[in-house]
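Computed from the coordinates by the stated procedures, all read-outs in this text should not be read as laboratory data. Quantities reported herein were computed from a predicted structural model and do not represent experimental measurements. Please note: Cβ atoms are built from the backbone with ideal geometry, for glycine as well, and neighbour counts cover all protein chains shown.
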4 protein chains.
Amino acid sequence: MQEKMGIMIIGINGAIGTTVSAGIEAIKKFDQEPIGLVTELEEFKELNLCDLNTLAVGGWDIIDRPHMECLRHHGVVGEKLLDKLDTQKFNVDIYKAPKVGITHHILETDGVNETDNNVTIKQAIRQITNDIEDFKKKNLLDDIVVVNLSSTEPIIKDTSIIESLDAFEKAIEENNPNIQAGLVYAYAAIKAKVPFVNFTPSATVGTPALKDLAIKEKVAVCGNDGKTGQTLYKTVIAPMLKWRHLKLIGWYSTNILGNNDGRVLEDPLHKETKIRSKSKVLSDILGYDDFYHRVEINYYPPRGDAKEAWDNIDFEGWLGARMQMKIDWVGEDSILAAPLVVDLARLINYSQKKGDYGIAKYLSSFFKDPIDNNDHNFFNQIQLLINYIK
Amino acid sequence: MQEKMGIMIIGINGAIGTTVSAGIEAIKKFDQEPIGLVTELEEFKELNLCDLNTLAVGGWDIIDRPHMECLRHHGVVGEKLLDKLDTQKFNVDIYKAPKVGITHHILETDGVNETDNNVTIKQAIRQITNDIEDFKKKNLLDDIVVVNLSSTEPIIKDTSIIESLDAFEKAIEENNPNIQAGLVYAYAAIKAKVPFVNFTPSATVGTPALKDLAIKEKVAVCGNDGKTGQTLYKTVIAPMLKWRHLKLIGWYSTNILGNNDGRVLEDPLHKETKIRSKSKVLSDILGYDDFYHRVEINYYPPRGDAKEAWDNIDFEGWLGARMQMKIDWVGEDSILAAPLVVDLARLINYSQKKGDYGIAKYLSSFFKDPIDNNDHNFFNQIQLLINYIK
Amino acid sequence: MQEKMGIMIIGINGAIGTTVSAGIEAIKKFDQEPIGLVTELEEFKELNLCDLNTLAVGGWDIIDRPHMECLRHHGVVGEKLLDKLDTQKFNVDIYKAPKVGITHHILETDGVNETDNNVTIKQAIRQITNDIEDFKKKNLLDDIVVVNLSSTEPIIKDTSIIESLDAFEKAIEENNPNIQAGLVYAYAAIKAKVPFVNFTPSATVGTPALKDLAIKEKVAVCGNDGKTGQTLYKTVIAPMLKWRHLKLIGWYSTNILGNNDGRVLEDPLHKETKIRSKSKVLSDILGYDDFYHRVEINYYPPRGDAKEAWDNIDFEGWLGARMQMKIDWVGEDSILAAPLVVDLARLINYSQKKGDYGIAKYLSSFFKDPIDNNDHNFFNQIQLLINYIK
Amino acid sequence: MQEKMGIMIIGINGAIGTTVSAGIEAIKKFDQEPIGLVTELEEFKELNLCDLNTLAVGGWDIIDRPHMECLRHHGVVGEKLLDKLDTQKFNVDIYKAPKVGITHHILETDGVNETDNNVTIKQAIRQITNDIEDFKKKNLLDDIVVVNLSSTEPIIKDTSIIESLDAFEKAIEENNPNIQAGLVYAYAAIKAKVPFVNFTPSATVGTPALKDLAIKEKVAVCGNDGKTGQTLYKTVIAPMLKWRHLKLIGWYSTNILGNNDGRVLEDPLHKETKIRSKSKVLSDILGYDDFYHRVEINYYPPRGDAKEAWDNIDFEGWLGARMQMKIDWVGEDSILAAPLVVDLARLINYSQKKGDYGIAKYLSSFFKDPIDNNDHNFFNQIQLLINYIK
């Protein structure tokens, strides 16, 4: 392979987006160790994945501020690296995000001016297509992957429009207001033969409509919702309980996070999509559902991007004895997510080149809610990955 | 199969031993649900393992007190069940443990009178053989398995005696004082064609001498050291870190426990064997060892058998960011161990019947320090188990 | 003193009510050690408080089931004691609670039949007065104290009715539907010269109307909201931060509890009253409020009455360094509350006898939100108590 | 007051010493907020304590490396401040520590060359006296306070030498090898009429010999062992248990720390002094000692100066119910200690000026093991402080 690839990120100025771009820059310019990048493990050596040193990063955002300023604002990347990046004229191509779908009210109050970009869905698709083309030319790229990192969208009320490709294309024609931004980007990317990674829980390539399109256009796609923290360890602890025949009685999970993601998720409309994505994992792994599972997400500004999760797990053993396990996870959301974005882009591009298209199920281990795979056991998912790359 | 099996436990009056016998009795008499028994999972249905309702439990102990009294003393099993067991004349065949090997000083101060049973190693072997025969006849058993649940023994100083079967048998002849009790039982069992499970970290069937004997005598054996709590979750968390390429920096583990096991492990001589058994797992799973791993075990009487473990895990991600995970495990040692003892007895008996002898590596997932298997990844070990029973 | 006292509890069949009655019975009949009873500390010896061995316990409830059945249902008291109480014909006088004020919808769905007892407020007052008289005669008591342990009531919408005694008495005449049960009991008790303890956050003796009444009738009263768990340790940790000049940045508190209290508090209407009562403490102690304080309460059935609280505290020290403290509290709500109920009854009765009436501020240390005292520092509150009893 | 004061620190190049000097510099030059400084609370305004802007910091060390290099090495102070301090030619007067008493073997292996400074005790006293004089002149100071921040010394074996001033002075004459460095500094300081603060658990001004000397020379002194983390919160949690009459059953405390303090404390000789200092607090506060108290200190390099403490507290309530509280403290040792050093220097100087000499008991709240005060309850200690400064 070794051809030049570009990643176009929806939400490039967000916490994860900027952490991706800064991290890639640090690898290129300052020989940063690629810790956190799964595709840099020994096991992936022979795949000949795209070279990190020629990787281009760009994308869209509704926030119209300099990328470097956003990077500083999020407070994820250390000051030392920030200062070095600054003086190196760190540059990223950013396109204005077309305004379609339901507005994020919370971000609006934040001074985001979205109204000057109000377009029809068809116009939006055209613009996205042009942006992809422009980015490719400008950076002399062989391949492009689009990755969705935008804030969680509300659940679609009228699901009839996503149930088939025909219905969806009709809805586009009618400029149906139920079509949200994620669907628009995914549609445009696939039509342009560009692989699409849905790192969010929003409805995109997992809908019947777009799954059909991906197959029709022979494009590799994957999702949903990057598995970075609490759900990640849930999917290793639950199999442990299963294989010791310890009966789960209750699992209480709370999350405190202070970044934009946290603010958007305070909005019950957006929270519902996220909680739904987080809830399924346990019963699928354990094979029963007579336990109490509760997931809370709370906005807590003091922590910024350094999310903290706390879990209390009640389980029963021999002779009905009750036991507990408690986990306190002090992770950094964007630090954990950023390398996975790069991994997914490299691997979906690899699949595309190999001629594999449609849902890339072998990438399930990267997602909280993998499309077309009910097996949430992390180690079964890793087995899929290992088998694919062998 | 469905033949009648018996489990003979070394340390039958201990916390785990009594929890095994009480649990089996509860299953037989009061339809107790077999939670915690791995071999009662769906996946094992077709193996036709020995019937729990005809299972006989007995064994040896140095503590010469009624079994029911010991059961009450340990405080593991709830009062309600205890009262029911009492009125049912709950009976277990207990043989006086032959006194060989180094004395457990701590237990001695506890009023354990071991001196009336001082014998040569050869006499001890003969006695154990007779006890096995007696137990089998008395309970009309088809098969027997011996399981070692005695307290952790010190590390053997003169390892030359276990390096070959010849050297070992010569040492027996010489009544060599370096031969500890665990070795004596294992030798006697194997010679009697009885499978042996080493649930402790003491040196028994994992020594070159006894591995050779097991092959020579065509007997199935397994060990070492039942994986019940902290090491269990270590072997699922570490693979998670590995497969996210998160770099482990340090892992601090402390354990507080108030049972006899805790008291014996306060003795540095015994602690060393245990800590050694717990330490290897991380580097084997991760593939590197430039991290700081510390395991502490502290005797803390207020908890009795309800052990608590606390872990602090420091790791590094993308751009060198430091993150942490903390785990607090409030388990009950004997509750977690007891069903595994039954599982191992059923499975090693299954292997023996199938004609598989020597070290049963497919049982690695049950052990902290599986003999002849450096792969401590719990899920790889489960894969071995699944493959074997398919 | 040494005269015979009775405690009448509103909600006597609830988790705390039954734990009070069972505990007192255990002290009387089985010499139970009075652990948890502050008034049994050395410091209170010379006050000659009412004798625990002659204490009578009774009260009202909307749940019309045998007291012993309710006691078993809550699962707070151990089985051993329950069995002993049973055979001793453990008896408690229970009066049917008059149905006034807003209905607890959650309890209704629980099969509580409240409709057969629908009365006007004036009728309710008359009934309560009669019940107090009846309980006193039947048990040959010298003194009575009424303690409110009923579920948290919603915040009163129309506060004009509680702003003065006149307005309140006019509202009684008009049978104003804004008057909730707590106010009715408190009014009836005070009119009957009976001290009243408000162990809940509901509006009762802390309202201007009833404070005036208590002074007019020369009755000792106190409240609000028993301080048993999370708020208790908050009021000792916050003073520690204050006196080390460590700057609080954020305090996140979550609670999981599975008893009726938890179910009622899931209802946003009731939760608001509770959260409000829990929120004030930090800024009052610290003297500033530029920190983020969040309190969550979640219903989590697996735990029953064994509440768990988890706190994350972010603070800043010398040179702006950020530090954290985390607390995990595994308490039993009713076990912690029950002895305080007895303490408060004994002490408020002591005040009444001494001739001190109105709000008993010296009892602030027992309450989350002490009436007429903004000093939430637990140790300042204890100082008030020590000074009073000296 | 407002006269110019200097603090001479024994161990000025250590983690706490450098954090003191850097912090004072930041206050003087960069208007750093004095968070963590108790004496900057409102309550101390009128005492007219020495001005922070004219405070001089210096001292002794056995480590002969530039102060700025040591500051960087410890990794306590953030890089941003370090860079600013550098360019400002941040200067601190450092004197070579006279080598007396038992050697710290651990530090020796670290390349500390102590042999070129081997002197008799009398010579050492003379040198220290000269250094104090020199520091005073050079910096034009009105007052000086000496603060001991050196590593914990072993327990003195032959206590006869510290039982009276005569015996001690005789031991000096004889150059008795049992006299350790802390005693020598304290003796020299008091003889020079300079107040002495013992921030360590080592034996100094708390010995009968030096207490007598302080009274004879009319010098104010205080100690022992700065209360910064785990013991601090112990002394607020224990009084809470006491005043709720909750019975302590067991308290398990573990500490992981990766700085030099941690390394020295791994040495059992030094650890004993520390553990002893930490153990007394609970029984003194609670008034009973039939509980299990265990304190562990473990060296864990990954954390550097960012110490972590974990506590498990088992207690009993009403009806013998068992409950637990767990605390995880992620503090920074030197960040917490440094401002207390400045507070103690300011306050002991204030006492000296006021004419109060001997042990300053009102400073007990600052110490783990306050000299001549068995009341470890933090809030009683704060009351002493408040009363003194009123």
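Computed quantities for the displayed model
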{"read-out": "Relative exposure of C:LEU71, C:LEU232, judged by other C-beta atoms within 10 Å (fewest first)", "value": "C:LEU232, C:LEU71"}
{"read-out": "By average C-beta atoms within 10 angstrom, highest first, the peptides D:327-335, C:147-155", "value": "D:327-335, C:147-155"}
{"read-out": "Radius of gyration and maximum dimension Dmax of the protein assembly as shown, Cα, Å", "value": "35.6, 103"}
{"read-out": "Label point 7 Å beyond Cα along the C-beta direction, distances from A:GLY75 to other copies (nm, shortest first)", "value": "2.3, 4.2, 4.7"}
{"read-out": "Shielding by partners, peptide C:239-252 (average Cβ within 10 angstrom, other chains)", "value": "6"}
{"read-out": "Shielding by partners, peptide B:356-365 (average Cβ within 10 angstrom, other chains)", "value": "0"}
{"read-out": "At 7 Å out from Cα toward Cβ: B:LEU41 inter-copy label distances (nm, ascending)", "value": "2.1, 5.2, 5.6"}
{"read-out": "Region D:1-104: C-alpha gyration tensor shape, a/c 1.5 cut-off, then a/b vs b/c", "value": "oblate"}
{"read-out": "Sum of -39500 (n - 2.57) over DSSP H runs of 4+, divided by residues of the protein assembly as shown (222 nm, nearest 500)", "value": "-12500 deg cm²/dmol"}
{"read-out": "Estimated vicinal HN-Hα couplings, Hz - region C:248-261 in sequence order (Karplus 6.51, -1.76, 1.60; Gly, Pro = x)", "value": "6, 9, x, 9, 10, 10, 10, 10, 10, 8, x, 8, 4, 3"}
{"read-out": "Debye intensity ratio in log₁₀ form over the Cα atoms of region C:230-331, taken at each q of 0.20, 0.21 Å⁻¹", "value": "-1.00, -1.07"}
{"read-out": "Length-normalised contact order of chain A in % [C-alpha pairs under 8 Å, at least 6 apart]", "value": "19"}
{"read-out": "Axis-proximal residue, chain A, for the rotation superposing A on B (Cβ, Å)", "value": "A:PHE379, 2"}
{"read-out": "Spin-label model distance (nm) - A:LYS218 vs A:GLN88, 7 Å beyond Cα toward Cβ", "value": "3.9"}
{"read-out": "Sites A:ARG322 and C:TYR288 - FRET efficiency at Förster radius 41 Å, r taken between beta-carbons, to 0.05", "value": "0.45"}
{"read-out": "Max mean-square fluctuation residue, GNM over chain A, Cα-Cα springs under 10 Å, options A:LEU336, A:LEU41, A:LEU82", "value": "A:LEU41"}
{"read-out": "Region A:132-188 shape via C-alpha gyration tensor axes, a/c threshold 1.5", "value": "prolate"}
{"read-out": "In nm, spacing of pseudo-spin labels at D:LYS96 and B:LYS280 (7 Å Cα→C-beta vector)", "value": "5.3"}
{"read-out": "Computed label-point distance, nm, for sites A:LYS170 and D:GLU33 using a 7 Å Cα→Cβ extension", "value": "6.1"}
{"read-out": "Under the span-like rule (Cα at least 27 Å along the axis, Kyte-Doolittle mean at least -0.5), DSSP H helices of chain A", "value": "A:333-354"}
{"read-out": "B:PHE196, B:PHE379, B:PHE135 arranged by Cβ crowding within 10 Å, fewest neighbours leading", "value": "B:PHE135, B:PHE379, B:PHE196"}
{"read-out": "Residues with amide H under 5 Å from that of A:ILE249, placed H, sequence gap 5 or more", "value": "A:ASP314, A:PHE315, A:GLU316"}
{"read-out": "Check: the protein assembly as shown dipole with +1 on Lys, Arg Cβ and -1 on Asp, Glu Cβ, in debye", "value": "0"}
{"read-out": "Shielding of C:30-42 by partner chains, average beta-carbon count, 10 Å", "value": "4"}
{"read-out": "Residue (of C:SER164, C:CYS50, C:PRO154) at the positive-pole extreme of chain C, dipole from beta-carbon charges", "value": "C:CYS50"}
{"read-out": "Peptides A:244-251, A:27-34 ordered by average Cβ neighbours within 10 Å, highest first", "value": "A:244-251, A:27-34"}
{"read-out": "Förster radius 56 Å - calculated FRET efficiency between A:LYS193 and C:ASP356, Cβ distance, rounded to 0.05", "value": "0.05"}
{"read-out": "Relative intensity, log₁₀ I(q)/I(0), of chain A from a Debye sum that treats every alpha carbon as a point, q = 0.06, 0.08, 0.11, 0.14 Å⁻¹", "value": "-0.22, -0.40, -0.78, -1.29"}
{"read-out": "Per-copy distances of the C:ASN118 label point, shortest first, in nm (7 angstrom along Cα→Cβ)", "value": "5.2, 8.9, 9.9"}
{"read-out": "Most mobile of B:MET68, B:MET325, B:MET240 in a GNM of chain B (Cα contacts under 10 Å)", "value": "B:MET325"}
{"read-out": "A:GLN123/A:ILE386 FRET efficiency (R0 41 Å; Cβ-Cβ; nearest 0.05)", "value": "0.40"}
{"read-out": "Long-range HN-HN contacts of D:TYR95 with modeled amide H, under 5 Å", "value": "D:GLY59, D:TRP60, D:ASP61"}
